[in-house]
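The values are calculated or read from the model by the stated rules, or taken from the named source; none is laboratory data. Since we're looking at a predicted model, the values are computed, not measured. Neighbour counts are summed over all protein chains in view; Cβ atoms, including those assigned to glycine, are modelled from backbone coordinates with ideal geometry. Protein only, heavy atoms only, side chains kept; ligands, DNA and RNA dropped before computing areas. Shrake-Rupley method; radii C 1.70, N 1.55, O 1.52, S 1.80 Å.
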Amino acid sequence: MSKINRNAPCPCGSGLKFKKCCLDKKGSDQTRSLVEQLRKAENELFNTLFKQAQEQLGPEGIAEAWQAFCQSEEAPLDPQTQPEANTSFLSWLLLHWQKNGQESLAVRHRRRMEHRLPIMHRRFLDEACRQPFSFFAVTDIKPGISVTLRDLFWTREFEVYEQKASNLLSRGNILYTQVLPVDDAAIFLGCAPFAIPDAYQVRLIEVRDAIEKNLGDIDRDTLFAMEDRLRTCYFEIRNEMQKMDEEQEQDAAQTSADTETEQAVGEATTQTETAEYATPPSNGESLTYSLECNVTEAFEALRTLSWKLKDDELPEDTLLDKQGQPCRMVFPWLTKGNRKPSKTENPELGRIIIDGDTLTIEIAEPDQKDSMLRKLSRRLGKRATLLEPVA
């Protein structure tokens, strides 16, 4: 069968050129098949290598590796409290950890088995052992298919085929991970479990610049040499993120307690209140911000302020642009436990309006203003600039 010219009409009869039609589909099928083979090889090899780790290192040796990975003797090797134990640590332990300068488990297994390993196992190990951990920014997403990543430290870019991740991540998110490229396919290896907000990119760029100042241009060898420093950056950022989450939970609990107090007072004094309102009353305040991010990114940062919204749910009042991307969203500031004693059961503390590059917060009660200012600062940071509040 003769080869079809890229610019020839597609034989499927669509009327499109072959390169714009079935050539892409053929390439996608080949890539999907290669990704499946890589994942199968990963599963089989990691099972084998972990059994070797248990036999050769024992529980004490694995705990020692964990302490070296965390650079701490206090962090327990507990996947429930340390989710890195079954993700980034596992990959690092099997592929890269060299106890006392010895070969890693993966390199030793590859050398010992030689050509007795299946071809895909050999290719997987050869490339995986060459790939250092780094920080990658998400630059593009094909939902349900792939994410495009740009390495913040070493000049390189990958399209990584990850169905689940492509539905969960947002542009600008930063991942601490390895990427395994083989031919036209690439997958995550040992991806750390926390997606880092893009507000941390400035800090990481400062770290990169400091490394380049001392060591020159960054390459593969530099990343391996500086792996401890990069891992320290990850854990510092991760701990800050967890602390912020704890503070948000405390704020929510305090708001809930305050609301219950207000409800008790309201039940005694405003039993006849039945007026409905879809927006905060006129005695409230508005906060207006200029945004340095798109509507979707701002919404993802503020989603938790409206507790009834599910993780994959957009507000009902969402407008899309011609490209199908959200350009305006309106949703209530809704704190769990807040109930207004009226026939409408309206639990709104205010309303959040994201319109292009402008964010407006309409606050129902003036005494909630300071609380909202703190919440906005923690969630959006430098991506939002407060303009003149309107009373």
Residue-ordered couplings for segment 95-108, obtained by feeding phi - 60° into the Karplus form 6.51 cos²θ - 1.76 cosθ + 1.60 and rounding to whole Hz (Gly and Pro as x), are 9, 10, 5, 10, 5, 6, x, 6, 5, 5, 4, 5, 5, 5
Run through segment 215-247 and list the trypsin sites (Lys or Arg not before Pro) located in a DSSP loop whose Cβ has at most 12 other Cβ atoms within 10 Å.
none
Using a Förster radius of 56 Å, what is the FRET efficiency between Gln323 and Glu73 based on their Cβ-Cβ separation? Nearest 0.05, please.
0.65
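Using unit Cβ charges (K, R positive; D, E negative) and no other charged atoms, how large, in debye to the nearest 20, is the dipole of segment 15-154 about its Cα centre?
On the way: 20 positive and 18 negative charges, 245 e Å.
Computed about the Cα centre, the dipole is about 1180 debye.
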Apply the Karplus curve 6.51 cos²θ - 1.76 cosθ + 1.60, θ = phi - 60°, to the phi angles in segment 204-216 and return the couplings in whole Hz, x for Gly and Pro.
5, 5, 5, 5, 4, 4, 5, 5, 5, 5, 8, 10, x
Apply the Karplus parameterisation 6.51 cos²θ - 1.76 cosθ + 1.60, with θ equal to phi minus 60°, to every residue of segment 88-94 and state each ³J(HN,Hα) to the nearest whole Hz, in sequence, with x for glycine and proline.
5, 5, 4, 5, 5, 4, 7
Placed amide H near Arg156: partners under 5 Å, 5+ positions off or other chain
Asp151
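Summing Lys, Arg as +1 and Asp, Glu as -1, what charge do residues with Cβ under 13 Å from the Cβ of Val107 carry, Val107 excluded?
Neighbour charge sum, excluding Val107 itself: +3.
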Would you check the accessible area of Trp97, probe 1.4 Å, heavy atoms only, in square angstrom rounded to 10?
30
